[in-house]
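Taking it in order: structure first as structure tokens, then the write-up.
The values are calculated or read from the model by the stated rules, or taken from the named source; none is laboratory data. Worth saying up front: this structure is predicted, and the values here are computed from it rather than measured. Every residue, glycine among them, receives a Cβ derived from its backbone with ideal geometry; neighbour counts consider all protein chains shown. Areas reflect the complete protein model, heavy atoms only, side chains present, ligands, DNA and RNA absent. Shrake-Rupley method; radii C 1.70, N 1.55, O 1.52, S 1.80 Å.
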Amino acid sequence: MTQCVGIIGHPVGHSLSPVFQGAAFTHLGLDVSYEEWDTPGEELPHRVAALREPGVLGANVTIPHKEAVIPLLDELSQGARQSGAVNTIVHRDGRLGGHNTDGPGFVAALRKEARFEPRARRLLLLGAGGAARGIAFALAEEDVERLHIWNRTPARAASLAGDLAADGCPARALEARAASLSLEGYDCVVNCTSVGLNATELDEPPWNVQTASPGTLIADIVYTPAETPLLRSARALGLPVLPGLPMLVYQGALGFELWTGREAPVDVMFRAAREELARREAARPSGGAGR
Ligand code: ATR
């Protein structure tokens, strides 16, 4: 019997997950189809209930349902509970478990793509929304020396830093206007805001990248465009950069392993994702927007 997994979101047509997950299933000869389950809010309970049927391995969850899906599940992993968001659902014998592989996917991208070991390092997160929360709690597991959070709306940064500190993480919120925020004194700065998502939105990042210390890794979780204005500025200054695609692929690889119990063919997934992005870029030179 063909098994299935799908992505639950609204819209889902732009998602790269069907492309690289499908390539991974095919590569390993698994009879699993990866489907697009476009789900308006009112249909979410019905869609999630359908995951309990035999033959369904689980699902990915994307905008705008990562939080709304939580009360519909039977259990949550620690990461999903802490971040308050679920991006991966695993079905076992009629029960649904919620996981968050976004943060661990980012940490895997840091280690495997950027060769950056977060332990005992100083990090600055820009943003305090859902994406930042997932990444912050994953970094909190890594014994970082310092985790500073900056957000345009300071109360949100304070709230996230408070939650992290309560968990024993050396986190602190920073208050400053974007242009006067200093990026000095960090080993890695991560943009978790939606700035840069629309290539036309800003030509220059709102933060002064010139204040970053030499050698600071500048990471962005946006994967379309492949090079955001922030990464372009950082690269021009000779700083190492980490774009958003590796986080996307590694969060998917972790989901694949939860669904199948098999090691994900990460190289195959990267190749499929890059080919699809190149195809889309060629079809629409202005690109799309994705994270
Ligand atoms: P997600 O779940 O993708 O993280 P979100 O929860 O809506 O989405 O969070 C978006 C993040 O981008 C927030 O940190 C937001 O800052 P506010 O909390 O102040 O809204 C940030 N953001 C969006 N537009 C921004 C801008 N022009 N400058 C700086 N930060 C911005």
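Here are the numbers for this structure:
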| item | result |
| --- | --- |
| Residue tally, condition crowded, with 22+ Cβ neighbours inside 10 Å and touching a strand residue (DSSP E or B) at 6+ places or on another chain (Cβ under 7 Å), over the stretch 66-78 | 1 |
| Residue within the stretch 22-34 that is within 28 Å of Val241 (Cα to Cα) and either in contact with a helix residue (DSSP H, G or I) (Cβ under 8 Å, 6 or more places away or on another chain) or not in a strand (DSSP E or B) (or both) present | yes |
| Any hit, the stretch 96-103, residues being among the acidic types (Asp, Glu) and more than 23 Å from Glu67 (Cα to Cα) | no |
| Residue that is most open to solvent (accessible area, probe 1.4 Å), among those in the stretch 79-110 that are closer than 18 Å to Ala50 by Cα and in a loop (DSSP other than H, G, I, E, B) | Asp93 |
| Complete set of residues in the stretch 10-30 that are modelled with pLDDT of 95 or more and not aliphatic (A, V, I, L, M) | His10, Ser17, Pro18, Phe20, Gln21, Gly22, Phe25, Thr26, His27, Gly29 |
| Residue check, Leu30 touching a Lys or Arg at 6+ places or on another chain (Cβ under 8 Å) and of a type in the set (A, V, I, L, M, F, W, C) | yes |
| Pairs, first more than 15 Å from Cys4 (Cα to Cα) in the stretch 81-99, second among the polar types (S, T, N, Q) and more than 16 Å from the ligand (Cβ to nearest atom), C-beta under 8 Å, six or more apart | Gly97/Ser77; Gly98/Ser77; His99/Ser77 |
| Residue that is part of a loop (DSSP other than H, G, I, E, B), surrounded by fewer than 15 Cβ atoms within 10 Å (Cβ to Cβ), without any contact (Cβ under 8 Å) to a residue 60 or more places away in the chain and away from the ligand (no atom under 16 Å from the Cβ), where the choices are Pro54, Pro11 | Pro54 |
| Per-region count, the stretch 131-161, residues within 15 Å of the ligand (Cβ to nearest atom) and open to solvent by 40 Å² or more (accessible area, probe 1.4 Å) | 8 |
